[in-house]
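This report refers to the structure that appears directly beneath it.
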Protein chains: 2
Amino acid sequence: MRGAIQLDEHFDRVGLRKTPQRLDVLEHLVRRPIHATADEIFAALNRRDPRVSRATVYNCLRDLARTGLVREVPGEGKAARYDANLHRHHHFICDVCGNVEDIEWFDVPASSWQTAAGKRRIRESEVVLRGVCSRCA
Amino acid sequence: MRGAIQLDEHFDRVGLRKTPQRLDVLEHLVRRPIHATADEIFAALNRRDPRVSRATVYNCLRDLARTGLVREVPGEGKAARYDANLHRHHHFICDVCGNVEDIEWFDVPASSWQTAAGKRRIRESEVVLRGVCSRCA
DNA sequence: ATCTAACTTTAGACATAGTCTAATAAGTAT
DNA sequence: ATACTTATTAGACTATGTCTAAAGTTAGAT
């Protein structure tokens, strides 16, 4: 599969050991981009292989997040939600239904934030757009 | 106190009953703008009046958030963090120390997001700037 | 000022989310 | 293949958040 080969490369790139569990977690997030929670991922992997542990899913998510392959979605709700992060993007949260949608990446011009940012060194700016999604409109 | 009178007015404005507990929670967030967790607020209020219940703090935060007087900070960490939201603002998260800082409000020009937003109706766009804070630089 | 209906608070049981530990297994460099 | 390091596992544990039903408050109408 192309997909798997590409995912392998990402592991090499960030210097993270390739383990089946890490691959499975990342692949799950890539193939089902629905901002899954740790528990949803655990349930899915554990169904296929009952030996997969809850702790492992949390460990994998932590390591993948640390190396940037995955990120926590800044959304709502109690449980953290995750996103494969192979391509940068923003988020949209619907005022009505609360769903979180990915939005294609765009840059916020420095002229917008440079005064407000003061002496901080800014690496990137992520945007959370809020409003009404096309289904709820 | 001026402060208390102003907070009262906010309750009237959003149509939320004034209760001592709600006032205390809001006042705590206004006076100590450190993005406290529910538990930190509970500890502070409970120290002054041991009858204040954990459930009440959660109820207050939920109601204050619903009416917009308070908001959940889109930051990191397991426990939700809250902000008095009497003035809109953005957030900055330091790559190094992880602290969340408030950033003065600015508008992201529609020209930045209008293509990416598609058919969604956008009400506002909140920005999370990431980089290195002035202390860590 | 008092009454009343609707709303809010409370304590503590419960539920959900996430972390830790120490024994075992697996990845990787040589 | 070996040795060394790092990752996984089960399950106890901690932290965070929700629910319930009884008691107490609030605010508007009298």
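The values are calculated or read from the model by the stated rules, or taken from the named source; none is laboratory data. Predicted, not measured: the structure shown is a model, and the values here were computed from it. Cβ sites come from the backbone with ideal geometry, for glycine too, and all protein chains shown count toward neighbours. Calculation scope for accessible area: heavy atoms of the full protein, side chains included, ligands and nucleic acids excluded. Shrake-Rupley method; radii C 1.70, N 1.55, O 1.52, S 1.80 Å.
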So the angle from the long Cα axis of helix B:20-31 to the longest Cα principal axis of chain B, reported in degrees to the nearest 10, equals 40
Expected integer from the mean partner chain Cβ neighbour count at 10 Å over B:99-112 is 3
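Mind checking the per residue accessible area of chain A for me, 1.4 Å probe, whole number of Å²?
Heavy-atom SASA per residue in chain A reads 57 Å².
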Chain A to chain B by rotation: the residue of A with the beta carbon nearest the axis and the rounded distance in Å are A:P74, 2
Restricting to lysines and to Cα separations under 17 Å from B:K78, and discarding same-chain partners fewer than 8 apart, the set is A:K78
Counting only residues 5 or more apart in sequence or on a different chain, those whose built amide H sits under 5 Å from that of A:I103 are A:H90, A:H91, A:F92
Given backbone amide H placed at 1.01 Å from N, residues whose amide H is under 5 Å from that of B:G131, ignoring those fewer than 5 places away on the same chain, are A:R123, B:I93, B:D95
Taking the range A:95-135, the whole-percent share of alpha-carbon pairs separated by over 13 angstrom is 62
Nearest 10, in degrees from 0 to 90: the angle of helix B:54-66 to the longest Cα principal axis of chain B is 40
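With every protein chain kept in the model, how would you rank B:R62, A:R47, B:R31 by accessible area, 1.4 Å probe, largest at the top?
Working: B:R62 110, A:R47 180, B:R31 155 Å².
Order by accessible area, largest first: A:R47, B:R31, B:R62.
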Rounded to a whole number, the mean other protein chain Cβ count within 10 angstrom for residues of B:77-88 is 1
Rounded to the nearest whole number, the per residue volume of the convex hull around the C-alpha atoms of the range B:52-122 in Å³ is 151
Here the correct list, in nm and shortest first, of distances from A:T19 to the same site in the other copies, label points 7 Å along Cα→Cβ, is 4.6
Taking only Cα atoms of chain B, the Rg to Rh ratio with Kirkwood Rh works out at 1.02
Projected onto the charge dipole of the range A:2-137 (unit charges on the beta-carbon of Lys, Arg, Asp and Glu, signs +1, +1, -1, -1), the Cα from A:L16, A:A80, A:N99 with the largest positive-side position is that of A:L16
Shortest first and in nm, the label-point separations between A:W105 and its counterparts in the other identical copies (7 Å out along Cα→Cβ) come to 3.0
For B:50-59, A:8-17, ranked highest to lowest by mean beta-carbon neighbours within 10 Å, the order is B:50-59, A:8-17
Copies of A:K78 compared via label points 7 Å along Cα→Cβ give distances in nm, shortest first, of 1.3
Excluding ligands, DNA and RNA, the carbon-plus-sulfur percentage of the accessible area of chain A with a 1.4 Å probe reads 47
Quick P(r) readout (the protein assembly as shown; Cα-Cα; 5 Å bins; whole %) gives 1, 5, 11, 13, 15, 15, 14, 12, 7, 4, 2, 1, 0, 0
